[in-house]
Amino acid sequence: MEKKNLDWANIGFGYIKTDKRYVANYTNGAWDEGTLTEDDMITMSECAGVLQYAQTVFEGLKAYTTESGHIVTFRPDLNGERLENSAKRLEMPVFPKERFVQAVIETVRANEAYVPPFGSGATLYIRPYMFGINPVIGVKPADDYQFRIFTTPVGPYFKGGVRPLTIKVSDFDRAAPHGTGHIKAGLNYAMSLHAIVTAHKEGFDENMYLDPATRTKVEETGGANFLFVTKDNTVVTPKSDSILPSITRRSLVYVAEHYLGLKVEEREVYFDEVKDFAECGLCGTAAVISPVGKIVDHGKEICMPSGMEKMGPITQKLYDTLTGIQMGHIEAPKGWIQVID
């Protein structure tokens with residue numbers, strides 16, 4: 001299929017409507033067969049459950065072109081598994097992960113012309129999501145749901161190259177103890193909007209959220225997990241029941257241990273330890289790893305030894321190895337790469 005005539009290197013990280021999207025409906029206790037449609041509009045009652053009580057969950061993953069010319073996605077089964085867990089927590093019907101993966105494949109194939117060419121730095125972002133659609137006025141789960149997937153081509157997350165970030169320790173909490181921080185629910189991201197707008201106004205790139213119970217332990221940012229490297233090259237990631245289990249973080253941990261031979265620790269990370277780490281990064285789908293150069297705690301600066309000029313050496317190796325696996329330069333563990341075409 002001939003590619004769309006887009007300026008792939010300059011399309012930015014935003015929404016561009018593509019040709020097809022996937023839609024499945026849950027009514028009378030069962031999912032229908034699902035279909036691809038050109039219609040990008042959603043019609044629902046003004047009293048729909050998603051509008052009244054934020055009953056919605058979502059995922060994010062990418063499709064890209066490898067050097068060999070194949071269109072692939074990265075570990076979509078884990079996105080499907082996480083969506084299952086998110087749905088269960090919000091009392092929504094499970095859209096089975098096997099159907100999820102197949103729906104992703106169908107949607108990407110239908111929008112093959114929008115998958116950026118290899119070497120452009122751009123990718124096709126895939127957004128699966130589910131929401132309560134029937135009228136709900138009492139506080140209770142909806143009865144009917146819609147599962148959808150849309151795609152949009154996006155440019156490189158870092159235009160002009162990687163730049164270490166300056167972040168602040170937030171006075172806000174991202175999630176409550178025993179709450180919904182461990183699932184990918186829209187309401188979690190709504191909670192973070194005021195905090196990130198405030199951080200940007202103050203000149204920071206992101207927030208560091210501490211645990212809401214004691215405010216002594218590192219949790220995550222509004223949309224990414226933390227990854228630290230000690231001065232003896234041990235990779236450390238925070239562990240908490242209110243952290244979203246990032247698929248990128250999970251993959252980086254595996255790469256660190258099995259590809260780079262590094263020691264890995266997944267444990268509680270106390271904020272008092274942060275000053276002693278050599279490197280810090282934020283990991284997620286959009287950028288894989290965003291390096292952090294400085295953390296500011298109410299005026300007190302913690303400057304990472306890796307500096308503000310580039311990624312630290314271990315972070316760079318992790319980034320290069322994982323992106324090499326994604327792009328086909330490095331052999332992937334079994335099951336990590338889903339070939340679409």
Exercise for review: Considering only region 119-154, state which residues are open to solvent by 20 Å² or more (accessible area, probe 1.4 Å), closer than 21 Å to residue 74 by Cα and either of a type in the set (A, V, I, L, M) or outside any strand (DSSP E or B) (or both).
Suggested key: 119, 120, 121
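Here is a yes/no grid of residues against (1) in contact with a helix residue (DSSP H, G or I) (Cβ under 7 Å, 6 or more places away or on another chain); (2) closer than 24 Å to residue 3 by Cβ; (3) surrounded by fewer than 21 Cβ atoms within 10 Å (Cβ to Cβ):
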residue: 40; (1), (2), (3): no, yes, yes
residue: 43; (1), (2), (3): no, no, yes
residue: 54; (1), (2), (3): yes, no, yes
residue: 67; (1), (2), (3): yes, yes, yes
residue: 70; (1), (2), (3): no, yes, yes
residue: 83; (1), (2), (3): yes, no, no
residue: 100; (1), (2), (3): yes, no, no
residue: 103; (1), (2), (3): no, yes, no
residue: 106; (1), (2), (3): no, yes, yes
Revision key, fill the gap. Of the conditions (1) open to solvent by 10 Å² or more (accessible area, probe 1.4 Å); (2) part of a loop (DSSP other than H, G, I, E, B); (3) closer than 30 Å to residue 2 by Cα, the single one that residue 116 does not satisfy is (1)
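From the list 62, 17, which residue is within 12 Å of residue 151 (Cβ to Cβ), open to solvent by 30 Å² or more (accessible area, probe 1.4 Å) and assigned to a strand (DSSP E or B)?
Going through 62, 17 in turn, just one is within 12 Å of residue 151 (Cβ to Cβ), open to solvent by 30 Å² or more (accessible area, probe 1.4 Å) and assigned to a strand (DSSP E or B): 62.
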Point to revise | Extreme residue, least open to solvent (accessible area, probe 1.4 Å), among residues of region 300-341 that are free of Cβ contacts under 8 Å to residues at least 24 places away in the same chain and in a loop (DSSP other than H, G, I, E, B) | key: 332
Study note, to complete from the structure: Per the filter on region 67-95, residues in a loop (DSSP other than H, G, I, E, B) and farther than 22 Å from residue 251 by Cα are 68, 69, 90, 91, 92, 93, 94, 95
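Out of the residues in region 155-210 meeting the condition of being aliphatic (A, V, I, L, M) and part of a helix (DSSP H, G or I), tell me which one is most open to solvent (accessible area, probe 1.4 Å).
Kept after step one, since they are aliphatic (A, V, I, L, M), are these residues of region 155-210: 162, 165, 167, 169, 175-176, 183, 185, 187, 190-191, 193, 195-197, 199, 208, 210.
If we keep only those that are part of a helix (DSSP H, G or I) as well, we get 187, 190-191, 193, 195-197, 199.
On the way: 187: 55, 190: 62, 191: 118, 193: 103, 195: 4, 196: 34, 197: 72, 199: 0 Å².
Among those residues, the one meeting the criterion is 191.
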**Study point:** Residue count for region 252-287, restricted to those that are in a strand (DSSP E or B) and either surrounded by 22 or more Cβ atoms within 10 Å (Cβ to Cβ) or touching a Cys at 6+ places or on another chain (Cβ under 6 Å) (or both)
**Key:** 5
Review point. From the list 42, 11, which residue is among the hydrophobic types (A, V, I, L, M, F, W, C), in contact (Cβ under 8 Å) with a residue 60 or more places away in the chain and farther than 24 Å from residue 92 by Cα?
Key: 11
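For (1) at pLDDT 95 or above; (2) more than 29 Å from residue 105 (Cβ to Cβ); (3) of a type outside the set (Phe, Trp, Tyr), each residue gets a yes or a no:
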| position | (1), (2), (3) |
| --- | --- |
| 262 | yes, yes, yes |
| 276 | yes, yes, yes |
| 321 | yes, no, yes |
| 329 | no, no, yes |
Review point. So which of 184, 201 is within 25 Å of residue 26 (Cα to Cα), out of contact with any Cys (no Cβ under 8 Å at 6 or more places or on another chain) and modelled with pLDDT of 95 or more?
Key: 184
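The values are calculated or read from the model by the stated rules, or taken from the named source; none is laboratory data. This one's a predicted model, so the numbers in the text were calculated from it and none came from an experiment. Backbone-built Cβ (ideal geometry, glycine too); neighbour counts: all protein chains shown. Note: accessible area is taken over every heavy atom of the protein model, side chains too, but ligands, DNA and RNA are not part of it. Shrake-Rupley method; radii C 1.70, N 1.55, O 1.52, S 1.80 Å.
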